[in-house]
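Just below is one structure, and these are the notes that go with it.
The values are calculated or read from the model by the stated rules, or taken from the named source; none is laboratory data. From a predicted model like this one, the values you see are computed outputs, not experimental measurements. Here the Cβ is made from the backbone with ideal geometry for all residues, glycine too, and neighbour counts use every protein chain on show. What goes into the accessible areas is simple: the full protein's heavy atoms, side chains included, and nothing from ligands, DNA or RNA. Shrake-Rupley method; radii C 1.70, N 1.55, O 1.52, S 1.80 Å.
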Amino acid sequence: MSRKYSFKPASQQELSLYCFVGEAVCAVQHVEDALSHSIVLKKAKPRLKSEADKLLEKHRSFTLGKAIKIAERASLYPESLQKELKEFLSERNWLIHKSIAQGRDEWDLNISREKMISRIKAISIQSQKLLQLIEEDLIGFSEANGVDMSRVKAEINRHYFE
């Protein structure tokens, strides 16, 4: 005998949690995409945009862990950035795979809501920091290879500081 189930609407606290998770997931995806771009440009060094686009499509399908390993094996980043990426991977995996499901009981009992939200917010902040570090690294790489990055720098300044 099948019954129709009705779902309880989300509370204001749950809606806030979902917004923080959504913000963090979006921020993580920006880091993943920047990392894919950077790996393609720094490792493969494609000459044509069409070649770069094809490689980028392939690299965008890689998990964050695989992309970090590729970057590490190719020594694409300073050790400090590589270390931050590895640490970030653990937090990203918690966010995507465990944050809601494994934190549900504590959330329902109001045990660690603020701690959970703080951890999620920290992932968003770390994502922004990593995105900027990857951008700066890629700009330096491009300039070292003779590309004028003044327009890109101006756009970044407008984005972050205006």
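With +1 on the Cβ of every Lys and Arg and -1 on the Cβ of every Asp and Glu, and nothing else charged, how large is the dipole of the stretch 34-89 about its Cα centre, in debye rounded to the nearest 20?
240
A probe of 1.4 angstrom, applied to the heavy atoms of all protein chains, finds His30 with accessible area near 110 square angstrom.
Provide the per residue accessible area, probe 1.4 Å, for the stretch 56-162, rounded to a whole number of square angstrom. Kindly include the intermediate steps, with their values, before the conclusion.
Values: 7050 Å² over 107 residues.
Result: 66 Å² per residue.
The dipole here belongs to the chain: it is taken about the Cα centre, uses +1 on the Cβ of Lys and Arg and -1 on the Cβ of Asp and Glu, and is about 600 debye.
Among the trypsin sites (Lys or Arg not before Pro) in the stretch 1-48, those located in a DSSP loop and surrounded by at most 13 other Cβ atoms within 10 Å of their own Cβ are Arg3, Lys4, Arg47.
Straight-line cross-link reach from Lys153 at under 18 Å between alpha-carbon atoms covers these lysines, not counting any fewer than eight positions away in the same chain: Lys129. Using only side-chain charges placed at the Cβ, +1 for Lys and Arg and -1 for Asp and Glu, the dipole size of the stretch 75-162 relative to its Cα centre rounds to 300 debye. For the stretch 1-117, the pair-distance distribution built from all alpha carbon pairs, in bins 5 Å wide starting at 0, is 2, 10, 16, 16, 13, 11, 10, 8, 6, 4, 2, 1, 0 percent.
For the chain, the carbon plus sulfur part of the accessible surface works out to 53%, probe radius 1.4 Å.
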